[in-house]
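> Take this structure, written in structure tokens, and hold onto it; I'll ask about it next.
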Amino acid sequence: MVAAHSSSRSSESAEWIICLDKRPAERSGEDVDIILARLKSVKAFERFHPSLLQQICLCGFYECLEKGITLYRQGDIGTSWYAVLSGSLDVRISETSRYQDAVTICTLGTGTAFGESILDNTPRHATIVTREFSELLRIEQREFRSLWEKYHQCMAGLLAPPYGVMESGCSADRMPDKENISNNSYVAIPNHQNKKSFIESPTKPLPKCLSQSREDNPKCILSRAPHMIRDRKYHLKTYRQCCVGTELVDWQMQQSSCIHSRAQAVACGRCCWRRGSSTTELNFQDKYLFYRFLEDEQEDAPLPSEEEAKESQEELQDTLLLLSQIGPDAHMRMILRKPPSERTADDLEIIYEELLHIKALSHLSTTVKRELAGVLIFESHANAGTVLFTQGEEGTSWYIILKGSVNVVIYAKGVVCTLHEGDDFGKLALVNDAPRAASIVLREDNCHFLRVDKEDFNRILRDVEANTVRLKEHGQDVLVLEKSLSGSRSCIHGQTSSHYKYNVMSGTPEKILEHLLEMMRLDSQFSESDMALDDFVLLHCVFMPNTQLCPVLLAQYPFYCCLCTYHAQASQGSEQEKLDYTLNNKRRVIRLVMQWGALHGDYLLEDHVSVMFMEEFLLAVSEDAKVIPVLRDQLAELQRFVKQNDDVRLTPKKHKVLLRQFSTGDDKPQKREPIRSTDEILFKVYCCDHTYTTIRVSVGASVREVLGAVSDKLGSAEDLLLVGLSSAGEKVIFKPNDVSVFSSLGTNGRLFACRRDQLDSLTPLPEQEGPNTGSLASFELMSSKDVAYHMTSYDWELFHCVHELELIYHTFGRQNVKKTTVNLDLFLRRFNEIQFWVITEVCLCSQLSKRVQLLKKFIKIAAHCKEYRNLNAFFAIIMGLSNPAVSRLSQTWEKLPSKFKKFYSEFENFMDPSRNHRAYRLAVAKLEPPIIPFMPLLIKDMTFTHEGNKTFIDNLVNFEKMRMIANTVKIVRYCRSQPFSPDSPVAGKNHPEVRNYIRHLNVMDNQRTLTQLSHRLEPRRS
């Protein structure tokens, strides 16, 4: 199960850890299933055979280590093999026997494995020290050797040399230099068999449906669209039995919903169509070009028989589905194979979009990524053990791993670490102009790389430095700008000139604000400089809190009495020029304040500093407007805004919330409103004996305030702890300064107050276990479309309540900014609630035939949610069906009609997480708002950007990082740019029942309990 919120993961984590802590002989089948569900998500095990993975579940042990713990030292004789489940560890090597001389050469992250030296009892090659709190899976030497003997063939390609094969790669497997690309064209490959880098290695046969499709394609077209294959005339010449490229693209898009764009259809065609045209185009194109199937080279080729046509149509959808999955990769490789000089603007944009999601490039600026898009070269190698380059060689290229993994090998030390997809290597030798410090050896077959050659690498570095403008004060950088083409051109006297823009890369908060104000254009509603200003307004809380921003804004607003001396730039020139300059500065600051107020909204009302600033600023503008008529329009707008905020502030609405759903407790249909941190809630806090006290506090109350309210009710002055307790018994002790802890609880979580010595006696409430019976009796009477509609309607309300700033607070840590994220927490909790609802209903259904009906119904609901563009609920439902407690019910799935199996398979492919959820991202890019996006992925994107980039560089704000995070937030803004108003299903008598049912789902969120129920329904087959 994929959870959308950290608190929801805790109970699941406790389950598999408890199972691993048991002695192997005591582990039950349920324990193994729980461990297996966890290990399947670990990168180190993703290619292990299921039976091998099951054996690991029976013999592995769990270890957790604090930061700075030495796992073993260089030279020790190993006793165990390890896989990193979370955290990271440093690999340190010493040239001497002294540990103090050891240097860190790399870091092992989540998903890596190490310790294979136990197979031959050789000493450890390095010292391993935890870099942070880390969780490991450990297998002892005897069990690991036993697994090796039994599953040698499975494991040989997954472990590092010398246990896999290590061989020297020939130069023929290397990618040709750029200047030779044109001589190694796609169609010439059969004549140059040693040039393997342009094509996928044929280590695996084509899937049956794809190899068969090359025979079935003409049959499908002849049976469905016979007019497409016919004789064509061009320049008085007849071309027999040809198709046209544009018509083939149109036909593909009509045949399958998996094909979302013409570019994707072209990519599918390149995977499958065999070219037989008389043009000089080398690859399948979306153009008016003729293509002929090789089978049609024969004169008078017979039409397909009825049986052949039927078979080909059955294969068609499977073929198109597979092509839609491999098409984007094929399209990408086709672009990367082009010489850089031949790449179009669309090609460069596709490469750039790919680079945005590569871990190794996350810290680079947008300009550098766009430069890289023009010079990157695709390189692939077929066989594990191929040496990419050798220690001591001259560095000529920088590599990024697109697919597969490599081992880093140092003479006399062996394998020191393994690099995986998204990692890079080879850059150090280029930067320092030094020999390679290690050898790089392919760890598995069919590895793909992006390569940047030394000449391009150095040129990009030079260009970056040449286009960097640094503003200094007192010898220190205070603002760093990057010069780039703006994309607009002007024509003067027949000469075309390019316009340049200066993007803020980093700077002090004050200088960034000053620069953005100067760049603001008053003659337009929106411009590129205003986009940067919007990013500043959105993220200033990270680096410039209101207590710092408000005085700076007042300082930027020039008062009328000092017009003549306001700015040094205005000291020269006429009095009128000085007046105009000062007036424009005033207008810019007013416009910024209005934008700031509009974006932050109610959050400004919660801050005393902001309220005082707005009053003082309004007074200053009012005084100026008396003598400057042009300011009166802006003044009227500012007055309306301040008055509106005053009305809200002086007559606040207090939401009395029953926290389980964070609703008003009113059963009357009403639209949800955003919850503010000042709103009051009624909430139960339990004691060890399951008695409770009801407290009334604000949503943003700290743990210290909550405990104070509890102590007042209990009349106890004892030192109490506030504990979150999940249905599985997992405990989370909250810190005194934590805020809004109510919303951080899991689906069935509850708050307990107790002394420290009572922690072990805390047990979940009976109500936390969830329902004992399913709701099938009423649920099966509800229309699937009705359920999806009301689910989407409720989810939209929750989604619409999430403020953009909550995404920022969640990413940077709400404890750090002292703000609440309650609306976002509720929306994320809803994702987990829907997931558990699906699992609960299936596991509480004892009749096989009814369970089959349930699966069908959930697949239908998912399809309708996708139709309504509620992708968050769509993902939650399909992930619920993919949960081990449901997916293991083989008897139930066997009875599911093939039509629904095919739908479910398509949905799983849509959710495929490979290549950073590429299938999902391609589909969403084509949708129009309103959209309810898959929120956990957006959260992951923002966290990825945050953790991969420093907030401050040399004490300057890293504004490029702010820009990247703001771009993700703007996706949410785009998704909500149109109101949700789909056609409502015809109102039926049970319409209110459906609405109430969807808004109050009763679920079980204990994975162990759900797994036990699943085993009772269908015991494990011997």
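> In nm, what is the difference between 0.36 nm times the number of residues separating Asp689 and Lys850 and their Cα-Cα distance?
Taking 0.36 nm per residue and subtracting the Cα distance, the gain is 54.0 nm.
> A further question follows. Can you run phi through the Karplus equation (6.51, -1.76, 1.60; θ = phi - 60°) for the stretch 895-900 and list ³J(HN,Hα) in whole Hz, with x for Gly and Pro?
7, 5, x, 4, 4, 6
> Does anything in the stretch 102-126 have its amide N under 19 Å from the 7 Å Cα→Cβ label point of Lys413, and if so which residues?
Within reach of a label on Lys413: 102-109, 112-118, 122-126.
> Averaging sequence separations of C-alpha pairs under 8 Å and six or more residues apart, then dividing by the length of the stretch 795-902, give the relative contact order as a whole percent.
27 percent
> Enumerate the calculated ³J(HN,Hα) couplings along the stretch 763-771 in order (Karplus 6.51 cos²θ - 1.76 cosθ + 1.60, θ = phi - 60°), each rounded to whole Hz, writing x wherever the residue is Gly or Pro.
For the stretch 763-771, the Karplus curve yields 10, x, 6, x, 5, 6, 5, x, x Hz.
> Please give the contour-minus-distance gain from Asp954 to Glu575: 0.36 nm per residue of separation, less the Cα-Cα distance, rounded to one decimal in nm.
132.3 nm
> Taking the simple approach of a point 7 Å from Cα along Cα-to-Cβ for both Ala636 and Val464, what is their distance in nm?
In this crude label model, Ala636 to Val464 measures out at 5.1 nm.
> Now for a separate question. Can you compute 3J(HN,Hα) from phi for each residue in the stretch 104-115, using the Karplus curve 6.51 cos²θ - 1.76 cosθ + 1.60 with θ = phi - 60°, rounded to whole Hz and x for Gly and Pro?
Per-residue couplings from phi come out as 7, 9, 6, 10, 8, x, 4, x, 8, 9, 7, x Hz.
> Obtain the nm distance between the two label points defined at Ser898 and Arg973 by a simple spin-label model: each point lies 7 Å from its Cα along the Cα-to-C-beta direction.
5.0 nm
> Can you list the residues, at least 5 places off or on another chain, whose amide H is less than 5 Å from the amide H of Met505, using H built in the peptide plane?
Answer set, sorted by chain and number: Val480, Leu481, Glu482.
> Past the 27 Å Cα-Cα mark, which pairs from Lys287/Lys403; Lys369/Lys454; Lys483/Lys970?
Lys287/Lys403
> Moving to a separate point now. So for the stretch 657-769, averaging the separation of alpha carbon pairs under 8 Å that are six or more residues apart and normalising by length, what relative contact order in percent results?
Values: 182 pairs, mean separation 28.6, N = 113.
Worked out over the stretch 657-769, it gives 25 percent.
> Amide H neighbours of Ile953 under 5 Å, at least 5 residues apart or on other chains, H built in the peptide plane: list them.
Excluding prolines and chain starts, which carry no amide H, the hits are Asn958.
> Sticking with this one: Pull out the extension gain between Arg696 and Ala225, defined as 0.36 nm times the separation in residues minus the alpha carbon to alpha carbon distance; nm, one decimal. Could you put the intermediate results ahead of the total?
Details: separation 471, 0.36 × 471 = 169.56 nm, distance 6.94 nm.
Here the answer is 162.6 nm.
> With no solvent and one equal point scatterer per Cα, compute the Debye intensity ratio I(q)/I(0) for the stretch 356-422 at 0.24 Å⁻¹ and report its log10, rounded to two decimals.
Log10 I(q)/I(0), no solvent term: -1.26.
> Return the long-range amide H neighbours of Asp423 (sequence gap of 5 or more, or a different chain), with a cut-off of under 5 Å between placed amide H atoms.
Distant-sequence amide H within range of Asp423: Ile401.
> Using DSSP to call loops (not H, G, I, E or B), can you name the trypsin sites (Lys or Arg not before Pro) in the stretch 902-951 whose Cβ has at most 15 other Cβ atoms within 10 angstrom?
Of the trypsin sites (Lys or Arg not before Pro), the ones in loops of the stretch 902-951 whose Cβ has at most 15 other Cβ atoms within 10 Å are Lys926, Lys950.
> Among Lys860/Lys895; Lys643/Lys818; Lys671/Lys857; Lys860/Lys901, which pairs are too far apart, with a Cα-Cα distance over 22 Å?
In this structure, Lys643/Lys818; Lys671/Lys857 lie more than 22 Å apart at Cα.
> Still on this model: Net charge around Arg851, counting only other residues with Cβ within less than 13 Å of its Cβ (Lys, Arg = +1; Asp, Glu = -1)? Show your work: numbers first, answer last.
On the way: positive: Lys850, Lys856, Lys857, Arg888, Lys895, Arg1016; negative: Glu780, Glu841, Glu894, Glu1018.
Taking every Cβ under 13 Å from that of Arg851, the sum is +2.
> Please find the FRET efficiency linking Ala345 to Leu485, where r is the Cβ-Cβ separation and R0 is fixed at 22 Å, and quote it to the nearest 0.05.
E between Ala345 and Leu485, to the nearest 0.05, is 0.95.
> Determine the sum of side-chain charges near Thr508: Lys and Arg each +1, Asp and Glu each -1, restricted to other residues whose C-beta is under 10 angstrom from that of Thr508.
Summing Lys/Arg as +1 and Asp/Glu as -1 gives -3.
> Nearest 0.05, what FRET efficiency do Phe133 and Val609 give at R0 = 51 Å with Cβ-Cβ as r?
After rounding, the FRET efficiency stands at 0.90.
> Decide, for the stretch 587-648, between rounded, prolate and oblate: order the square roots of the alpha carbon gyration tensor eigenvalues as a ≥ b ≥ c, take rounded if a/c falls under 1.5, and otherwise choose prolate if a/b is larger than b/c, else oblate.
prolate
All of the numbers you see were taken from the coordinates with simple rules; none came from a lab. The structure displayed is predicted, hence computed values, not measured ones. Positions of Cβ are backbone-derived with ideal geometry, glycine not excepted, and every protein chain shown enters the neighbour counts.
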